[in-house]
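Structure first, commentary second.
The values are calculated or read from the model by the stated rules, or taken from the named source; none is laboratory data. Owing to the predicted nature of the structure, the values given are computational and were not obtained by experimental measurement. Glycine also receives a Cβ, built like all others from the backbone with ideal geometry; neighbour counts cover every protein chain displayed.
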Amino acid sequence: MAPSFGKIALWTSTVKEMTARSQCRCTDMSSACWPGDESWAKLNATVRGNLVTGAAAASPVASCSASHTSSEQCGAALNRSKSSEFWNMKFSGGFQSTGLQGGFSTRPSEYAVLAHSADDVRQAVNFARQHDLRLAVKGAGHDYVGRNSAPTAGSLLVATFPMLGIYWADDNTTVTVEAGVTWQDVYIQAQDRGRYVQGGHCPSVGAVGGFSLGAGFGPMARMYGTGADNMVSATVVTANGDVLLASETENVDLFWALRGGGGGTFGIVTNISYRTHVAPSAGGYVRGGMVCEDAANFEQLLVAFLQFIPRLFTQYWGDSATPNALTHSIDLSLLYVGLTEEEARSVWKPWTTIMNGLSKCSWKAALSFSDMPLIKLPSGEENIRIYPYPGAHYPRTGDPAVDDRLVDGFLGQINQWSFGQGHRYVLEEDIVRDPVSIAKKLIKLTSFPTTYRVLQFSKALAGGSSVGNVSANPLVRKAGVALMGNEHVANYFPHLPETRDTLVNFIGSMSWFWSGGFCAPSDIQPSCLTPAVQSMNDSEIQACWGGVHRCFEFRSEQFKNYTAVLRTEFSTGSYVNEGDYFEPDWQHMFWGDNYAGLREVKAQVDPLGLFVCYHCVGSEDWTLDGNCRTSETQTQEVLV
């Protein structure tokens with residue numbers, strides 16, 4: 001249901017004046033518009049000494065660019081940065097994604113407020129507005145399109161990761177989470193209380209911010225809804241410095257926008273209260289795979305699979321299946337919740353019969369079922385142990401703040417340099433009506449030699465949770481699966497010098513990429529992939545880096561070919577947090593018919609466009625870097 005508008009209490013101060021402003025934010029630290037030392041000192045005092053500048057605002061990896069840093073120090077910093085999902089988030093200049101080829105690169109702001117409270121956030125917002133600064137907001141640092149950094153060092157970052165409070169209602173039916181908390185911390189506390197909270201799969205994703213503000217899907221979203229569905233209230237600092245509570249009864253239009261309208265857009269959220277659920281007492285995993293001898297038989301297999309999977313469009317199923325036209329195979333990695341193993345087996349029994357009737361196709365890995373282990377609470381009640389997810393382990397970095405946190409296999413996304421990502425909802429009615437057509441489209445899309453092409457059951461909600469009054473793309477409720485594709489490498493830092501140390505760190509962790517046909521044969525010389533790199537001279541090192549960049553350009557162009565086919569074959573909606581950076585129709589793809597309403601809320605809560613991020617609501621009023629207005633209007637009514 002779209003908002004009724006007019007209910008948000010905004011711009012209420014009686015002290016207002018008309019101010020002529022430049023078309024562009026003040027981003028040049030040498031210009032007259034840039035605040036002087038006295039102004040920054042005053043801000044530092046108002047945020048209780050939590051303003052950091054220069055090197056203190058960056059990640060330790062940045063030390064690799066300093067002339068006084070030894071090779072050993074640089075190597076240690078690089079190794080530590082890739083050792084844990086939780087390492088980078090401890091620094092205002094640390095980001096999970098380092099950028100996207102041909103799109104963006106994350107850049108630490110020269111000034112950052114490490115906010116410990118809503119008042120710290122408010123003071124930073126007021127300062128940025130009064131000085132017309134480019135403002136960026138970073139929580140845990142997970143963002144695939146760089147919305148949590150500004151494109152220039154001349155900006156002010158509000159980093160909320162120091163806000164770590166978790167507060168449970170007496171009956172545990174709700175939990176209030178501050179902006180720096182990661183989902184792992186919420187998960188463990190919930191499990192100990194016999195409760196389930198709908199968050200993301202990756203434990204280091206922030207529990208407040210872009211995840212739920214963009215909708216927020218997790219492995220069990222079909223059963224329990226999205227993060228946005230489960231949002232009870234949110235505290236948000238708006239562009240005029242007000243600290244508002246948004247809920248179904250207060251500031252209801254803003255609340256609607258926050259439930260799916262995207263992060264970094266309507267204000268800075270300092271905490272969210274979530275609805276919790278009784279933890280499930282049954283659940284498990286299904287693994288397996290099928291393979292065919294040739295393309296024709298693979299198409300028959302895929303059609304049969306598409307005819308079968310509507311059985312899974314219920315509240316009980318999540319995770320993914322991976323069809324691959326290059327290997328003529330389908331791999332299964334699914335979970336179930338609210339079902340026993342016997343009940344799960346009964347759902348899949350017809351598929352065994354179907355497989356037996358397909359010629360030249362066989363099991364490359366027979367279906368295996370495994371229940372999640374049980375956890376016994378002090379009350380004697382038993383629920384399934386959801387956390388940690390399979391494959392999780394404790395890192396060993398030597399830092400107690402990191403070593404007591406689980407990692408569940410997402411190390412390949414740390415310091416991620418992306419070549420692109422694509423996402424589309426595949427509607428249930430289309431799968432049921434014409435599985436042959438859908439199969440042909442999927443064959444086209446899975447014929448690209450890329451690293452990740454899956455059909456996600458967890459990020460499509462047809463047959464699952466009830467509809468919430470949220471602003472996310474409503475097509476997700478009709479989607480049987482979400483088609484996801486992305487490609488990236490890890491541990492590449494675009495702003496670091498291209499030295500032997502950075503080359504060894506990068507190529508050494510990505511040998512599978514170089515040997516897997518992802519580059520043209522002439523790109524990377526074999527000697528660059530061996531210990532011989534340690535004895536190369538500077539010109540040879542630079543030649544190796546040149547090959548890396550040729551490979552990057554090749555992969556980027558290949559992925560753009562993929563997304564061009566994706567847009568042609570599927571014109572349905574997309575998930576804002578995992579959509580294509582180069583999406584031409586991003587407003588409609590990300591929000592569908594809800595976009596017009598979101599624009600109205602944006603105009604109310606942020607008429608100056610203080611909160612600007614790439615392909616966020618209202619960003620069409622700004623240049624792509626978010627620094628300059630595209631409108632001719634220079635005069636606005638502003639709070640001073």
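For region 384-440, residues that are farther than 22 Å from SER333 by Cβ and modelled with pLDDT of 95 or more total 9.
Taking residues in region 121-136 that are in contact (Cβ under 8 Å) with a residue 24 or more places away in the chain, and partners anywhere that are assigned to a loop (DSSP other than H, G, I, E, B) and β-branched (Val, Ile, Thr), the pairs with Cβ atoms closer than 6 Å and at least 6 places apart or on different chains are GLN123/VAL47; ARG134/THR27.
Does region 517-535 include one or more residues that are crowded, with 21+ Cβ neighbours inside 10 Å, of a type in the set (A, V, I, L, M, F, W, C), at pLDDT below 90 and touching a strand residue (DSSP E or B) at 6+ places or on another chain (Cβ under 9 Å)? Yes; the residues of region 517-535 include at least one that is crowded, with 21+ Cβ neighbours inside 10 Å, of a type in the set (A, V, I, L, M, F, W, C), at pLDDT below 90 and touching a strand residue (DSSP E or B) at 6+ places or on another chain (Cβ under 9 Å).
To keep it simple, each residue is scored yes or no on (1) at pLDDT below 95; (2) crowded, with 24+ Cβ neighbours inside 10 Å.
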{"site": "ASN88", "(1), (2)": "yes, yes"}
{"site": "VAL113", "(1), (2)": "no, yes"}
{"site": "ALA118", "(1), (2)": "no, no"}
{"site": "ALA124", "(1), (2)": "no, yes"}
{"site": "ALA136", "(1), (2)": "no, yes"}
{"site": "ALA140", "(1), (2)": "yes, yes"}
{"site": "SER155", "(1), (2)": "no, yes"}
{"site": "TRP168", "(1), (2)": "no, no"}
{"site": "THR174", "(1), (2)": "no, no"}
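Tell me whether region 486-497 contains one or more residues that are at pLDDT below 95, surrounded by fewer than 23 Cβ atoms within 10 Å (Cβ to Cβ) and among the aliphatic types (A, V, I, L, M). Among the residues of region 486-497, at least one is at pLDDT below 95, surrounded by fewer than 23 Cβ atoms within 10 Å (Cβ to Cβ) and among the aliphatic types (A, V, I, L, M), which makes the answer yes. The single condition from (1) free of Cβ contacts under 8 Å to residues at least 60 places away in the same chain; (2) acidic (Asp, Glu); (3) buried (at least 24 other Cβ atoms within 10 Å of the Cβ) that ASP229 fails is (1).
State yes or no: is PHE86 in a loop (DSSP other than H, G, I, E, B), touching a Gly at 6+ places or on another chain (Cβ under 8 Å) and farther than 15 Å from LEU156 by Cβ? No. When you scan region 499-520, do you find a residue that is under 30 Å from ALA228 (Cβ atoms), touching a residue at least 24 places away in the same chain (Cβ under 8 Å) and in a helix (DSSP H, G or I), even just one? No: zero hits.
How many residues are part of a strand (DSSP E or B) and either of a type in the set (Asp, Glu) or at positive phi (or both) if we restrict to region 311-344?
We begin by selecting, within region 311-344, every residue part of a strand (DSSP E or B); these are 317-324, 329-337.
Those left that are additionally either of a type in the set (Asp, Glu) or at positive phi (or both): 319, 331.
Selection size over region 311-344: 2.
Among the residues of region 237-269, the ones that are surrounded by fewer than 24 Cβ atoms within 10 Å (Cβ to Cβ) and under 23 Å from the mean Cα position of the chain (by Cα) come to 0 in all.
Look through LEU334, LEU326 and report the one residue that is at pLDDT below 95 and among the aliphatic types (A, V, I, L, M). Even if it seems obvious, please write down each step before you answer.
Details: LEU334 fails: at pLDDT below 95.
Exactly one residue qualifies, and that residue is LEU326.
Each residue in region 98-123 was checked for being within 15 Å of THR160 (Cα to Cα) and β-branched (Val, Ile, Thr), and 2 of them qualify. One residue alone among VAL291, VAL337, VAL278, VAL347 is of a type outside the set (Lys, Arg) and buried (at least 21 other Cβ atoms within 10 Å of the Cβ), and that residue is VAL337.
Would you check which residues across region 464-474 are touching a strand residue (DSSP E or B) at 6+ places or on another chain (Cβ under 9 Å) and modelled with pLDDT of 95 or more and list them?
To start, the set of residues in region 464-474 that are touching a strand residue (DSSP E or B) at 6+ places or on another chain (Cβ under 9 Å) comprises 464, 468, 470, 473.
If the condition is that a residue be touching a strand residue (DSSP E or B) at 6+ places or on another chain (Cβ under 9 Å) and modelled with pLDDT of 95 or more, then VAL470, ASN473 are the ones that fit.
Scoring PHE308 on the criteria (1) assigned to a loop (DSSP other than H, G, I, E, B); (2) free of Cβ contacts under 8 Å to residues at least 60 places away in the same chain leaves a single failure, condition (1).
For region 549-601, give me each residue that is outside any helix (DSSP H, G or I) and of a type in the set (Ser, Thr, Tyr). Even if it seems obvious, please write down each step before you answer.
Keep residues of region 549-601 that are outside any helix (DSSP H, G or I), which gives 570-575, 579-585.
Across region 549-601, the qualifying residues are SER571, THR572, SER574, TYR575, TYR581.
With respect to the conditions (1) in contact with a strand residue (DSSP E or B) (Cβ under 9 Å, 6 or more places away or on another chain); (2) in a helix (DSSP H, G or I); (3) within 26 Å of MET372 (Cβ to Cβ), ARG287 lacks only one, and its number is (2). So, in region 19-64, of the ones that are touching a Cys at 6+ places or on another chain (Cβ under 9 Å) and not in a loop (DSSP other than H, G, I, E, B), which residue ends up surrounded by the most Cβ atoms within 10 Å (Cβ to Cβ)? If we take residues in region 19-64 being touching a Cys at 6+ places or on another chain (Cβ under 9 Å) and not in a loop (DSSP other than H, G, I, E, B), then VAL61 is surrounded by the most Cβ atoms within 10 Å (Cβ to Cβ). Please verify whether region 563-586 includes one or more residues that are of a type in the set (Phe, Trp, Tyr), closer than 30 Å to LEU503 by Cβ and not assigned by TED's automatic domain parsing to the domain that holds SER22. Within region 563-586 (the criterion being of a type in the set (Phe, Trp, Tyr), closer than 30 Å to LEU503 by Cβ and not assigned by TED's automatic domain parsing to the domain that holds SER22), the answer is yes, since at least one residue qualifies.
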